[in-house]
Amino acid sequence: GAGVSQTPSNKVTEKGKYVELRCDPISGHTALYWYRQSLGQGPEFLIYFQGTGAADDSGLPNDRFFAVRPEGSVSTLKIQRTERGDSAVYLCASSLRQEAFSGANVLTFGAGSRLTVL
Amino acid sequence: AQSVAQPEDQVNVAEGNPLTVKCTYSVSGNPYLFWYVQYPNRGLQFLLKYITGDNLVKGSYGFEAEFNKSQTSFHLKKPSALVSDSALYFCAVRAEGGSQGNLIFGKGTKLSVKP
């Protein structure tokens, strides 16, 4: 697609529920990133995929958070037993493989999925 | 530990005047430095980056930034501000040799340009 697409744009759920957030990267971008942005803060790294594998998942806060990218394109961020502290905007970004390895890190971000846990 | 500081929560500038948005960083080794801009209800957009070479980097929309190794700074500048430049600006850093995907972002600086 023309840009990074994230769905849903807005999700309201109750504490303890399971949530899935979807990211559709730019066609041809093999690197995919998930970040989380809390109110008044900068984006915080969660996980980075190169192809189908997670190259770095050091930012996932705990084992309630999991992400997959089974075919190397679309990715799903999964949050189990949601807590009020999980409320944030979840950002997905993608970049070209070459840029990722060269360190250039020119990420193209989606508009984000706003998660509210009541 | 790597970190980025944007000391100003907000910068107010009159249209036509020069603007500066400040950023300092802390990283082990050589830094890769970036500026991104966030408009309301839109995703972050890349403005410019410093990897190596000339300390003055030119980017999109007439913005530039100067890498200063001794002061560990990477301030964003523009000679003449436009009202349309009003947005949230984020500085980010990654250490050379660090995780390719793990950018450390500052808290952001809100730029307000008045006519």
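The values are calculated or read from the model by the stated rules, or taken from the named source; none is laboratory data. Given the structure is predicted, the values throughout are model-derived calculations rather than measurements. Don't worry about glycine lacking a Cβ; one is built from the backbone with ideal geometry, like all the others, and counts go over all protein chains shown. Accessible surface areas use protein heavy atoms only, side chains included; no ligands, DNA or RNA. Shrake-Rupley method; radii C 1.70, N 1.55, O 1.52, S 1.80 Å.
Data overview
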{"quantity": "Residue of A:S58, A:S75, A:S94 that the Gaussian network model of chain A assigns the largest fluctuation, springs spanning Cα pairs under 10 Å", "calculated": "A:S58"}
{"quantity": "Simple spin-label estimate for A:L39 and B:S60 in nanometres, 7 Å along Cα-Cβ", "calculated": "2.8 nm"}
{"quantity": "Chain A: projected area of the alpha-carbon convex hull, averaged over directions, in nm²", "calculated": "6.8 nm²"}
{"quantity": "Residue-level accessible surface for A:R114, protein heavy atoms, 1.4 Å, Å²", "calculated": "120 Å²"}
{"quantity": "Residue-averaged beta-carbon neighbours from other chains (10 angstrom radius) around B:101-113", "calculated": "5"}
{"quantity": "Tail fraction, Cα-Cα pairs, the range A:14-72, threshold 18 Å, whole percent", "calculated": "40 percent"}
{"quantity": "Virtual spin-label span in nm between A:L118 and B:S70, 7 Å along Cα→Cβ", "calculated": "5.9 nm"}
{"quantity": "FRET efficiency estimate (nearest 0.05) - Cβ-Cβ, B:Q10 to A:D63, R0 35 angstrom", "calculated": "0.40"}
{"quantity": "Sparsely packed GluC sites (Glu not before Pro) within the range A:1-55, loop by DSSP, other Cβ within 10 Å at most 11", "calculated": "A:E14"}
{"quantity": "Greater than 32 Å apart at Cα, pairs in A:K78/B:K78; B:K58/B:K114; A:K15/B:K49; A:K15/B:K22", "calculated": "A:K78/B:K78; A:K15/B:K49; A:K15/B:K22"}
{"quantity": "Solvent exposure, largest accessible area first (probe 1.4 Å, DNA, RNA and ligands not counted), of A:K17, B:K78, B:K58", "calculated": "B:K58, A:K17, B:K78"}
{"quantity": "Residue with peak Gaussian network fluctuation, chain B [Cα springs, cutoff 10 Å], from B:S86, B:S73, B:S28", "calculated": "B:S28"}
{"quantity": "Chain B: most fluctuating residue of B:P40, B:P79, B:P31 per GNM, C-alpha cutoff 10 Å", "calculated": "B:P40"}
{"quantity": "Dimensions (Å) - chain B, Cα atoms, principal axes, largest first", "calculated": "43, 30, 22"}
